[in-house]
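Some notes on the structure that comes next.
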Amino acid sequence: NKGADDEIPMAGVPHHAASQYIQRLLDQGFRVAICEQMADPSKVRGIVPREVVRVVTPAVAFDDAGLEARQNCYLVAVEREGDAYGIAALDATTGELVACEAGDEGAALAELVRLDPRELLVGPGTDAVARAFAERRPRAPLRESTASLDDEGAREVLDAVLPTGEAARVCPSALAGRAAARCLELLRACEPGRTLPIARLVPYELGDTVVLDEATQGHLELVRTLAGEEHGSLLRQIDATVTAPGARLLRKRILAPKTQVAEIRRRLDGVELFVTQPGLRAEVRRCLEEVADVERLAVKLAMDRASPRDLGTLRRTLLTLPRLEAALADCPDPS
């Protein structure tokens, strides 16, 4: 009734620009329910029935416009039992699910800061570590999960998404498994009726990497300077990667250096190869420049959200792979 004396102001947004408005809400920490008409309006009398088809949150979003290509988009859950904390991180855009157990509040807080989640899901009894995290990362929204979840309930949630028994076999910590189940529970609620593209749970030990607390990360200016800027950080200075997955991997390795000597030497051997073989390095880089973000493309395909442009990008990537394989086959040291 626009123009009438009792005009009702519109609260909608243009359909073609919905993603922009949704992203504004996500940037402010809101969750957004996406509803669709479930019947043909021309065949329905009265109000057309609608249903919520999915929910997007700051950490459960698949729109490229709102994603940082060179950084993971983590939903992190934290559980507590006694002095121990279970921590799980889910990147719904790549299908990555990892989990660990921290022995005390300090170690848990350091790991949460390292993961730098877009959203933190806090379980019962984790108020202290949640408050400490909020002081350090005030922009990351906190979601309280008050529903009780025991070990058996967590296994049921995990088995509903992962191959049956996989989580119990690979995850030695029941507390870490509960945190992983919290992440999957939220993702299932956001994507009702869909098969989730999570293939496996990868456990890890905090002792496998150097634990760098927030102060250490800040003083070393690993991914941010003391002023909080990415420009001028170590990562920005050395990041010469040409693919988004490569950039994300480099960021992880800087924030969590390995402690095992064999793994360190293996990585250094790889660096040495490409330093001493400049021709091979140049050819591999030329090939990688044609490689898209396959991790996120694969998830969009699995979720039936790939656009024609995405499919064209994937085709170009697949056509590049034989060249890349041929370049690596000519490597003087295949090991």
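Bear in mind that the values in this text are calculations on the coordinates, not laboratory data. Given the structure is predicted, the values throughout are model-derived calculations rather than measurements. Here the Cβ positions follow ideal geometry from the backbone for every residue, glycine too, while neighbour counts run over all protein chains shown.
Each residue of the stretch 56-65 in order: what ³J(HN,Hα) in whole Hz does its phi give by Karplus 6.51 cos²θ - 1.76 cosθ + 1.60, θ = phi - 60°, with x for Gly and Pro?
In residue order, the calculated couplings are 10, 10, x, 9, 10, 9, 10, 7, 4, 4 Hz.
Could you tell me the convex hull volume per residue, in Å³, taken over the Cα atoms of the stretch 132-287?
Cα convex hull per residue, to the nearest whole number: 183 Å³.
Can you pull the Rg over Rh of the chain, Cα-only, Kirkwood?
Reported Rg/Rh (Cα atoms, Kirkwood Rh): 1.01.
For the stretch 68-134, rounded, prolate or oblate, judged on the Cα gyration tensor with a ≥ b ≥ c (square roots of eigenvalues), a/c < 1.5 rounded, else prolate if a/b > b/c?
Values: a/c = 2.11, a/b = 1.81, b/c = 1.17.
Since a/c reaches 1.5 and a/b is larger than b/c, the shape of the stretch 68-134 is classed as prolate.
What ranking, highest mean first, results for peptides 245-251, 320-326 when packing means the other Cβ atoms within 10 Å averaged over each residue? Please report the intermediate quantities before stating the final value.
On the way: 245-251: 17.7, 320-326: 13.1.
Result, highest mean first: 245-251, 320-326.
What do you get for trypsin sites (Lys or Arg not before Pro) in the stretch 50-150 restricted to DSSP loop and a cutoff of at most 11 other Cβ within 10 Å of the site's Cβ?
Values: sites: R50, R54, R70, R80, R114, R118, R131, R136, R139, R143; in loops: R70, R118, R139.
Passing sites in the stretch 50-150 are R139.
What full-extension length gain, to one decimal in nm, is calculated for R315 and L226 as 0.36 nm per residue of separation minus the Cα-Cα distance?
On the way: separation 89, 0.36 × 89 = 32.04 nm, distance 4.22 nm.
Additional length available on full extension: 27.8 nm.
If you look at just the Cα atoms of the stretch 1-84, how large are its Rg and its Dmax in Å?
18.8, 63
If I fit a long axis through the Cα atoms of helix 261-276 and take the longest principal axis of the Cα atoms of the chain, what angle between them do I get, 0 to 90°, rounded to 10?
80
Once you keep just the Cα pairs under 8 angstrom separated by 6 or more residues, what percentage relative contact order results for the stretch 264-335?
On the way: 32 pairs, mean separation 28.6, N = 72.
The value is 40 percent.
Along the stretch 154-171, what does the Karplus equation 6.51 cos²θ - 1.76 cosθ + 1.60 (θ = phi - 60°) give for ³J(HN,Hα), rounded to whole Hz, x for Gly and Pro?
5, 4, 5, 5, 5, 5, 6, 10, 8, x, 4, x, 4, 5, 5, 6, 9, 9
Based on alpha-carbon positions alone, could you give the equivalent ellipsoid semi-axes of the stretch 125-170 from the gyration tensor, as √(5λ), descending, whole Å?
Working: eigenvalues 174, 31, 18 Å².
Each semi-axis is the square root of five times an eigenvalue, giving 29, 12, 10 Å.
Counting other Cβ atoms within 10 Å, which GluC sites (Glu not before Pro) in the stretch 289-324 have at most 11 and lie in a DSSP loop? Mind showing how you got there, number by number?
Working: sites: E289, E290, E295; in loops: E289, E290.
Loop-located and lightly packed - E289.
HN-Hα J couplings of the stretch 121-128 from phi, Karplus 6.51/-1.76/1.60, θ = phi - 60°, integer Hz, Gly and Pro as x?
After applying 6.51 cos²θ - 1.76 cosθ + 1.60, I find 9, 9, x, x, x, 9, 4, 5 Hz.
So for the stretch 1-148, averaging the separation of alpha carbon pairs under 8 Å that are six or more residues apart and normalising by length, what relative contact order in percent results?
Details: 219 pairs, mean separation 24.1, N = 148.
Result for the stretch 1-148 is 16 percent.
On average over all directions, what projected area in square nanometres does the stretch 1-147 have, based on the convex hull of its Cα atoms? Before the final figure, lay out the partial values.
Values: hull surface 51.2 nm².
So the mean shadow area of the Cα hull is 12.8 nm².
Which of rounded, prolate or oblate describes the stretch 260-308 when judged by the alpha-carbon gyration tensor and an a/c cut-off of 1.5?
On the way: a/c = 8.19, a/b = 1.79, b/c = 4.59.
Judged from the Cα gyration tensor, the stretch 260-308 comes out oblate (a/c at least 1.5, b/c at or above a/b).
Need one number: the % of Cα-Cα pairs in the stretch 208-335 sitting beyond the 25 Å mark.
Working: 3511 of 8128 pairs.
So the pairs more than 25 Å apart make up 43 percent of the total in the stretch 208-335.
Please list, by residue number, every one of the GluC sites (Glu not before Pro) in the stretch 10-113 that is coil in DSSP and has at most 13 other beta-carbon atoms within 10 Å. Don't skip to the answer; put the middle values down first.
Values: sites: E36, E51, E68, E79, E81, E96, E101, E105, E111; in loops: E68.
Within the stretch 10-113, the qualifying GluC sites (Glu not before Pro) (loop, at most 13 other Cβ atoms within 10 Å) are E68.
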